[in-house]
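Here is the structure we will look at, set down as structure tokens.
The values are calculated or read from the model by the stated rules, or taken from the named source; none is laboratory data. In this text, all values refer to a predicted model and were calculated from it rather than measured experimentally. Backbone-built Cβ (ideal geometry, glycine too); neighbour counts: all protein chains shown. Just so you know, the surface numbers come from the protein's heavy atoms only, side chains and all, with ligands and any DNA or RNA stripped out. Shrake-Rupley method; radii C 1.70, N 1.55, O 1.52, S 1.80 Å.
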Amino acid sequence: MAQEEINNQEEINNQEETNKQEEVNTEETPVEETELDKIKGELSETKDKYIRLYSEFDNYRKRTSKEKIDIIANANERLIKELLPIIDDFERAKAAFDKTDNFQALKEGVDLIFAKFVKTLESQGLKPIEAKDLDFDVEKHESVTQFPAGDDKKGKVIEELEKGYYLNDKVIRYSKVVVGN
């Protein structure tokens, strides 16, 4: 029994020491308060920087999105500006049709306008696809029909029904052709 009383007394002493240590730990010292305030200040500063950075990124995203929309909306502006003089030429030619009977001069004028139009489109990267008398190529040609031909014309383009075009080395319209069979 005496041993039990000693063990109980030791447990009570240990319990009291633990309680005293907990009381000391729960009381904040002035040093801990200043560190806590410092950490709170740094957290607040970091949070403020994050919010500003996020806002800047959001503004950047909106600005670039708007710029992209503007670029797409005005992408053909340069081409249209280059085509306007050709439209003016066609209007003058149309007016000349009503005033003159010299069809040869009118034909030459329309041919000049056509050449100017083609030159303008070529300056923008448009090129015709050559097809006549060449081997049929599915990458450039679309076969509309096949026509019986001699052995020398077999698998070759006999006639081009509609011209095909490249725009900057990309096929934008396939040539519609008749292929020899």
GNM result for the chain, Cα springs below 10 Å: residue of 159, 108, 33 fluctuating most strongly: 33
Reciprocal of mean inverse Cα separation for region 107-173 (Kirkwood radius, Å): 13.8 Å
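Can you give the relative contact order of the chain as a percent, counting alpha carbon pairs under 8 Å and 6+ residues apart?
Numbers: 146 pairs, mean separation 26.0, N = 181.
14 percent.
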For the chain, size of Cβ-based charge dipole, Lys and Arg +1, Asp and Glu -1, in debye: 3040 debye
Farthest positive-ward along the chain dipole, Cα basis, beta-carbon charges - from 131, 104, 44: 104
Extreme residue, positive dipole direction of region 52-181, given options 157, 59, 76 (C-beta unit charges): 59
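Could you do me a favour and compute the accessible area per residue for the chain, 1.4 Å probe, result in Å²? Write down the numbers at each step before the final one.
Working: 15280 Å² over 181 residues.
Per-residue accessible area for the chain comes out at 84 Å².
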Residue-averaged [θ]222 nm for the chain, counting only DSSP H segments that reach four residues, each worth -39500 (n - 2.57): -22500 deg cm²/dmol
From the coordinates shown, Cα Rg over 2.2 N^0.38 Å corresponds to which of (i) 1.23; (ii) 1.19; (iii) 2.72: (iii)
